[in-house]
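Trainee: Okay, handing you the structure first.
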Amino acid sequence: MQAMTEQERQALAEKLAALREEALAHTEQALAYMARFGVRPEGRIQPFLPPEARQQHIDRLPYEHAVRQVVVYETEPGEFSAVCPFSGLPDYGVLRIEYVPGSWILELKSLKYYIVSWRNIGAAQEDLTAIIYQDLMRHLEDPEYLRVTTVYNVRGGIRTTCTIDSREQGR
């Protein structure tokens, strides 16, 4: 493996600096937003990225069958995580995606990269579920239905489960 050139090192340093600035700015914005409602962070504050930093694209493949089938993707515990905007600590959970394909199915490798891209994102659990639902609906375009559920690890004695089902959205 070849060593990086000075130009490559400089480009990497600039990319890291921009990433640090983005994380710092978003963390400050999130803390200011929470302060408007009297919520103050407890413990250490860790910088995190905004939801816009997630992978934006998920590859898809045509679904060319006349048969109706239910497709379910479910992560193993620990495979799906994001960052709590109050503490900067990781929020681990299980992500379950269930749909009946219309014209498209999701390509699994691309979906995995999308799921992993949430690891350094700071947002409320309910917001993450809504954004993931919207992203998947945009890529699937016309599923018969789409249901996204997140079940987060117990924190403070409370398990959080969020579910969005297209059949309940009045689309």
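Trainee: Using unit Cβ charges (K, R positive; D, E negative) and no other charged atoms, how large, in debye to the nearest 20, is the dipole of the stretch 53-123 about its Cα centre?
Mentor: I would put it at about 140 debye.
Trainee: Leaving out ligands and nucleic acids, note down the accessible area per residue over the chain with a 1.4 angstrom probe, in whole Å².
Mentor: In whole numbers, the chain has 62 Å² accessible per residue.
Trainee: Ranked from highest to lowest mean number of other Cβ atoms within 10 Å per residue, what is the order of the peptides 4-11, 143-150?
Mentor: 143-150, 4-11
Trainee: Between [x] 53, 50, 28; [y] 65, 54, 32; [z] 57, 40, 26, which entry matches Cα extents along the principal axes in Å as derived from the coordinates of this structure?
Mentor: It is the one labelled [x].
Trainee: Hey, rough spin-label estimate for Ile158 and Asp127, points 7 angstrom out along Cα→Cβ, what's it come to in nanometres?
Mentor: So the two model labels end up 1.7 nm from each other.
Trainee: What residues of the stretch 121-161 lie in the reach of a label at Phe37, counting those whose backbone N is under 13 Å from a point 7 Å from the Cα along Cα→Cβ?
Mentor: Counting only backbone N, you get 123-128.
Trainee: Calculated from DSSP H runs of 4 or more alone, at -39500 (n - 2.57) each and per residue, what is the 222 nm mean residue ellipticity of the chain, nearest 500?
Mentor: Calculated from helices alone, the mean residue ellipticity at 222 nm is -11000 deg cm²/dmol.
Trainee: Assuming 0.36 nm per residue, please report the length gained on full extension of the stretch Val67 to Glu6 beyond their Cα-Cα distance.
Mentor: Answer, rounded to one decimal: 16.3 nm.
The values are calculated or read from the model by the stated rules, or taken from the named source; none is laboratory data. In this text, all values refer to a predicted model and were calculated from it rather than measured experimentally. Ideal geometry is used to build each Cβ from the backbone, glycine not excepted, and the neighbour counts take in all protein chains shown. Surface areas here come from the heavy atoms of the whole protein model, side chains and all, with no ligands, DNA or RNA. Shrake-Rupley method; radii C 1.70, N 1.55, O 1.52, S 1.80 Å.
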